[in-house]
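Working notes, beginning with the structure itself.
The values are calculated or read from the model by the stated rules, or taken from the named source; none is laboratory data. What you see is a predicted model, and the numbers here were worked out from it, not measured in a lab. Cβ sites come from the backbone with ideal geometry, for glycine too, and all protein chains shown count toward neighbours. Please note that ligands, DNA and RNA were not included when accessible areas were found on the heavy atoms of the full protein model with its side chains. Shrake-Rupley method; radii C 1.70, N 1.55, O 1.52, S 1.80 Å.
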Amino acid sequence: MTPRERRALARVVAGNLRRLRAERRYSTRELALRAGITMSYVNDLERAKASPNLGISLALARALGVELAALVAEPTEVAA
């Protein structure tokens, strides 16, 4: 994976993480507690300043009640 691809994936994860957290009405603190990570790390992930490893990704998916694929899925455009 190239650095550009890594940055693109980090942006996808960031957007999905923000959306899924908002849908559940979790604060960053609540998601951090549920996933067993720090609130600052959640903030970094949501701003695409960090990329989670597989273990953290699984913890986030479980905390959000979704499959791992939901964190890395490319957004789809909805036709108007």
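Going by the conditions given, is LEU33 modelled with pLDDT under 95, in a helix (DSSP H, G or I) and surrounded by 13 or more Cβ atoms within 10 Å (Cβ to Cβ)? Taking the combined requirement at face value, the residue does not satisfy it. Tallying residues that are open to solvent by 100 Å² or more (accessible area, probe 1.4 Å) and closer than 11 Å to GLY65 by Cβ within segment 19-30 yields 1.
Among the conditions (1) of a type outside the set (D, E, K, R); (2) open to solvent by 50 Å² or more (accessible area, probe 1.4 Å); (3) in contact with a helix residue (DSSP H, G or I) (Cβ under 9 Å, 6 or more places away or on another chain), the only one that PRO3 does not satisfy is (3). Selection of segment 36-49 for residues being in a loop (DSSP other than H, G, I, E, B) and open to solvent by less than 60 Å² (accessible area, probe 1.4 Å) yields ILE37, ALA48. Counting only residues that are of a type outside the set (Ser, Thr, Tyr) and either within 17 Å of ARG24 (Cβ to Cβ) or in contact with a helix residue (DSSP H, G or I) (Cβ under 7 Å, 6 or more places away or on another chain) (or both), segment 36-57 holds 11 of them.
Give the residues of segment 44-68 that are touching a Lys or Arg at 6+ places or on another chain (Cβ under 7 Å), among the small types (Gly, Ala, Ser) and at negative phi, sorted by residue number.
Result: SER51, ALA63.
For segment 9-18, does any single residue satisfy the condition of being at pLDDT below 95 and open to solvent by 60 Å² or more (accessible area, probe 1.4 Å)? Yes, there is a match, as at least one residue in segment 9-18 is at pLDDT below 95 and open to solvent by 60 Å² or more (accessible area, probe 1.4 Å).
Among the residues of segment 50-62, is any open to solvent by 100 Å² or more (accessible area, probe 1.4 Å) and part of a loop (DSSP other than H, G, I, E, B)? No, because not a single residue in segment 50-62 is open to solvent by 100 Å² or more (accessible area, probe 1.4 Å) and part of a loop (DSSP other than H, G, I, E, B).
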